[in-house]
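The values are calculated or read from the model by the stated rules, or taken from the named source; none is laboratory data. Since we're looking at a predicted model, the values are computed, not measured. Counting neighbours? That spans all protein chains shown, and the Cβs are built from the backbone with ideal geometry, glycine included.
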């Protein structure tokens, strides 16, 4: 198993600004992912964070809006750029050695005003 | 593409047994996972079925029928703490099974 921490846990930001969310895993994991979840809704995959290379984005998500870094096996960041109220959501990172069993961070609750 | 359908809400009483169903349509299939998420909490992994049949983990069991594109999570001896949302998820073949697609989620409400 793995323990995943995220920070910040929550933030309130003004539109047009950017926020970087950090994700730290306590052990080396092969895969790291970033998700978005609206309260009461399912999880939507934003991208797969690849160590030392560009992230793999899902349809509807682009690098200019959600740049992701993963400099090593235990750390990743997600930036939400040029924010609008539609970006208000919970952002979750996850990691695992196999995609079917992922360990999730506690999430970052973002509100954009 | 992938789609996974679950009932939106299920209610039950303490001590009862409840079954949460998941039907899926995928371009390729490589196993069904289940996750639990309490309000305000992180999703936590419960079980995985790579092959047909029943997998048991304590009070929780999960079943898969690949021919029917169907699975379920069975919760026995329900406790109040089991009130949570439950998600089924499949691995996506399109990326070599390297990512999960989550179902719509089922909110379980357990009453005394």
Open item on the list: Take the residues in segment B:1-26 that are within 14 Å of another protein chain (Cβ to nearest Cβ) and not in a strand (DSSP E or B); name whichever of them is modelled with the lowest pLDDT.
Closed with: B:1
Task: Qualifying residue in segment A:32-39 (condition: touching a residue at least 12 places away in the same chain (Cβ under 8 Å) and more than 28 Å from residue B:6 (Cβ to Cβ)) - done: no
TODO: Find the residue count for segment B:76-112, including only residues that are under 21 Å from residue B:41 (Cα atoms), without any contact (Cβ under 8 Å) to a residue 60 or more places away in the chain and under 16 Å from the mean Cα position of the chain (by Cα).
DONE: 4
Task: Wholly within segment B:44-100, strands (runs of 3 or more DSSP E) carrying at least 3 residues that are crowded, with 18+ Cβ neighbours inside 10 Å - done: B:44-49, B:60-65, B:70-75, B:84-91
- [ ] Might you check whether a residue that is within 12 Å of the chain's Cα centre (by Cα) and farther than 14 Å from residue B:99 by Cβ occurs anywhere in segment A:57-67?
- [x] yes
Task: Residue that is within 14 Å of chain A (Cβ to nearest Cβ), at positive phi and touching a strand residue (DSSP E or B) at 6+ places or on another chain (Cβ under 6 Å), where the choices are B:71, B:105 - done: B:105
TODO: Would you mind stating whether residue A:59 is modelled with pLDDT under 95, out of contact with any strand residue (DSSP E or B) (no Cβ under 6 Å at 6 or more places or on another chain) and either within 21 Å of residue B:91 (Cβ to Cβ) or buried (at least 18 other Cβ atoms within 10 Å of the Cβ) (or both)?
DONE: yes
- [ ] Please tell me if residue A:39 is surrounded by fewer than 19 Cβ atoms within 10 Å (Cβ to Cβ) and more than 14 Å from chain B (Cβ to nearest Cβ).
- [x] no
- [ ] Determine whether residue A:46 is more than 9 Å from chain B (Cβ to nearest Cβ) and within 28 Å of residue B:5 (Cβ to Cβ).
- [x] yes
TODO: Of the numbered conditions (1) within 14 Å of chain B (Cβ to nearest Cβ); (2) farther than 20 Å from residue A:25 by Cα; (3) part of a loop (DSSP other than H, G, I, E, B), residue A:63 fails exactly one; give the number of that condition.
DONE: (1)
Open item on the list: Restricting to segment A:86-113, and then to whatever is touching a residue at least 24 places away in the same chain (Cβ under 8 Å) and in a loop (DSSP other than H, G, I, E, B), can you tell me which residue is farthest from residue A:49 (Cα to Cα)?
Closed with: A:113
Task: Positions within segment B:32-55 being over 17 Å from residue A:38 (Cα atoms), more than 8 Å from every other protein chain (Cβ to nearest Cβ) and in contact (Cβ under 8 Å) with a residue 24 or more places away in the chain, in sequence order - done: B:32, B:34, B:46, B:47
